[in-house]
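Shown next, in structure tokens, is the structure this report addresses.
The values are calculated or read from the model by the stated rules, or taken from the named source; none is laboratory data. Every value quoted in this text rests on a predicted model; they were computed, and no experiment measured them. Note: ideal-geometry Cβ built from the backbone for every residue, glycine included; neighbour counts use all protein chains shown. The area values use the complete protein model at the heavy-atom level, side chains included, leaving out ligands, DNA and RNA. Shrake-Rupley method; radii C 1.70, N 1.55, O 1.52, S 1.80 Å.
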Amino acid sequence: MELEENAAIKEIQAVFASGDESQIHDSIAYIHEFGSVKMVSLLFELLSTTDNGTLQKEALDCLSDTKDKSAIPLFIDALKSEKLANFKTSLLATMWQANLDFSEHTDLFIDILINDDYETAIEAFTLIDVCAENLSEEKKMMYKQKINKVLATEISTKKRLLQKMIESLD
């Protein structure tokens, strides 16, 4: 079984490297239908190498259907990756759509909420909101204090968003 999976991974890598859009589309569909967590990184690699918006959307859609919690570290690495910096907003949306428990990484999402642009912050907000039910009261309090500290000096358009985050964590 693992031999077959490794062969499929090598074949998909070759297809992605070929640039043949039709075959890439078919490979994404294959991953969506039959893929394993080992194939998730192939989709992140595709995102970083293709300029084709349709293929990017298909890869993100496929990632949003990931239900294997062992893929969580792969998502976090992708979110932190410089190669995928242009996809940060889309990756956050994909993560909350996947409905996996990313609560262990809420520190990262809080930092994104505070430091990134408004559109990216909204996606981080949504992901934090999804994670909130799995956070301890101590963590929620810590995050609210961190956001309140920022609110004391925040003069940007994100002020209301940050206030809403505090309300959501209550």
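Quick rundown of the values:
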{"item": "Selected residue (criterion: nearest to ALA93 (Cα to Cα)) from residues of the range 127-170 that are open to solvent by less than 80 Å² (accessible area, probe 1.4 Å) and acidic (Asp, Glu)", "result": "ASP129"}
{"item": "Criterion: part of a helix (DSSP H, G or I), exposed (fewer than 15 other Cβ atoms within 10 Å of the Cβ) and not β-branched (Val, Ile, Thr) - qualifying residue of ALA93, ALA85, ALA71", "result": "ALA85"}
{"item": "Meets criteria (of a type in the set (Ser, Thr, Tyr) and surrounded by 20 or more Cβ atoms within 10 Å (Cβ to Cβ)) for THR106", "result": "yes"}
{"item": "Residue in the range 11-27 that is open to solvent by 80 Å² or more (accessible area, probe 1.4 Å), within 18 Å of SER70 (Cα to Cα) and either at pLDDT 95 or above or of a type outside the set (Phe, Trp, Tyr) (or both) present", "result": "no"}
{"item": "Selection status of ILE76, in a helix (DSSP H, G or I), β-branched (Val, Ile, Thr), over 27 Å from GLU119 (Cα atoms) and modelled with pLDDT of 95 or more", "result": "no"}
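The rows are residues; the columns are (1) within 25 Å of GLU119 (Cα to Cα); (2) not basic (Lys, Arg).
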{"residue": "ALA14", "(1), (2)": "no, yes"}
{"residue": "ILE28", "(1), (2)": "no, yes"}
{"residue": "ILE31", "(1), (2)": "no, yes"}
{"residue": "ILE72", "(1), (2)": "yes, yes"}
{"residue": "LYS80", "(1), (2)": "yes, no"}
{"residue": "ASN86", "(1), (2)": "yes, yes"}
